[in-house]
Structure formats: C-alpha cells, structure tokens
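The values are calculated or read from the model by the stated rules, or taken from the named source; none is laboratory data. Please read all numbers here as calculations on a predicted model, not as lab measurements. Don't worry about glycine lacking a Cβ; one is built from the backbone with ideal geometry, like all the others, and counts go over all protein chains shown.
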Amino acid sequence: MESLRKEELKEILIKGWMTHDAMWFLHCLRKTGIETTNKINRAASSGLGRIEAKRFKKILDIDEIQTTNDLKKFIQMIFHVVKAEFMKFSYKFIDDNKLQCEMQECFAHDGMERIGVLDHYQCGIYDRVEGWFKGLGLKFEVTPQINGCLMFQGKKCIRNYTFSRWQTCDKVE
C-alpha cells in the first residue's frame, strides 16, 4: 500500500467503481431490459450526486453556496476526487453564474456501444452532476435538454448550467 502513489490509488479505486457500475448496468439490462435499466441508472446517479454533495459540503465546511467562489471551490474539489485520467471531460465557468461541462470522449458511450444499446441509452452522467447541484439546494437551468446520448446523435456532449445567482431551493431529501 505504501508503494502506491495517491494518484495511482485513486485511479484503481475509480476504475473499480466504474467496472462495478458497468457490470450492474449489464446485469440489470439482461434481467429487465433497457427502458427499466435506464430509469434505475438515472435515479441512482442522481441520488449518488445528492449524497456526494452532502459529504463534500462537510469536507469543505460549506453550509450553503453563497458565491461563485463557493461553487468553484466545491466543483474543483469534487471533480478532483471523482475524475480519473481515463475520463476525458472538462468544465469551465463561462460567467459568474454559468458552468459548462464537456465530454470530449465518453466511457459510457463507448461501453453502451460495446454492449449494443447505444441507440436506446439514456445518459446518467449528468444526472450525477445535477444531483450535486440539487444536493446543494441550488436553483439552476440546464441546456440543452437531452434525450439519449448526444454523441450517438453526432453532437458535442456539452451541458450548460445557469444558476439563479445562488438562490437556493427547498431541500429534497
């Protein structure tokens, strides 16, 4: 354990988590079909995001997001922890209250293509991100609205989040 660098350990743990994610998706798909699996996956991703938000608020000692800097600090920390080297995505603030996320290459897209369901896949990755914002109690709008996989549709996989100047919504438990 001592011979592993922190980044190597992080990569192994994230790859293990992603393998588990892929395997449960595949087994659920075989038992219930793509429609039910998509619903379960998206709900689980959103729920995960909400729980992660609570945990990271505690780590960062943030009660609520009140400024752009609070949100930037949160985003930087959570992406630093959950993003592995094989994940080719980026994020940037394009205004005080606007965040843009982009997948340059997508492990979920590639996995769904390998198992032959990409044409029916409903992406759950951004449900996790939106779960973070919901877990923080933030009001936001997202564009574009997606149905399916943007990459499968031949589009760039970009999501834009516009926050209502840090107004919070009622917490959903």
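Which condition number does Ser90 fail, the rest of (1) without any contact (Cβ under 8 Å) to a residue 24 or more places away in the chain; (2) part of a helix (DSSP H, G or I) being met?
(2)
Looking at the stretch 1-47, which of its residues are modelled with pLDDT of 95 or more and part of a loop (DSSP other than H, G, I, E, B)?
Gly33
Looking only at the stretch 51-77, count every residue that is part of a loop (DSSP other than H, G, I, E, B) and under 19 Å from Asp127 (Cβ atoms) and tell me the total.
0
I'd like the full set of residues that are aromatic (Phe, Trp, Tyr) and not in a helix (DSSP H, G or I), limited to the stretch 116-128.
Answer for the stretch 116-128, where residues must be aromatic (Phe, Trp, Tyr) and not in a helix (DSSP H, G or I): just Tyr121.
Give the residues of the stretch 115-148 that are out of contact with any Cys (no Cβ under 9 Å at 6 or more places or on another chain) and on the phi > 0 side of the Ramachandran plot, sorted by residue number.
If the condition is that a residue be out of contact with any Cys (no Cβ under 9 Å at 6 or more places or on another chain) and on the phi > 0 side of the Ramachandran plot, then Gly116 is the only one that fits.
Under 7 Å by Cβ, and 6 or more places apart or on different chains, what pairs join a residue from the stretch 7-29 that is within 23 Å of Ala43 (Cα to Cα) with one that is modelled with pLDDT under 90?
Correct list of pairs: Ile14/Ala84; Lys15/Ala84.
Does Asn147 satisfy the condition of being assigned to a loop (DSSP other than H, G, I, E, B) and either closer than 23 Å to Ile12 by Cβ or of a type in the set (S, T, N, Q) (or both)?
yes
A quick yes/no check of all residues on (1) assigned to a helix (DSSP H, G or I); (2) free of Cβ contacts under 8 Å to residues at least 60 places away in the same chain; (3) exposed (fewer than 15 other Cβ atoms within 10 Å of the Cβ):
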residue	(1), (2), (3)
Gly49	yes, no, no
Phe79	yes, yes, no
Cys101	no, no, no
Arg114	yes, yes, yes
Arg159	no, yes, no
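Please go through the stretch 75-95 and give me each residue that is in contact with a helix residue (DSSP H, G or I) (Cβ under 8 Å, 6 or more places away or on another chain) and farther than 25 Å from Gly16 by Cβ, ordered by number.
Phe93, the sole residue that qualifies.
How many residues are among the aromatic types (Phe, Trp, Tyr) and out of contact with any Ser or Thr (no Cβ under 8 Å at 6 or more places or on another chain) if we restrict to the stretch 18-42?
Going through the stretch 18-42 one residue at a time, the tally reaches 1.
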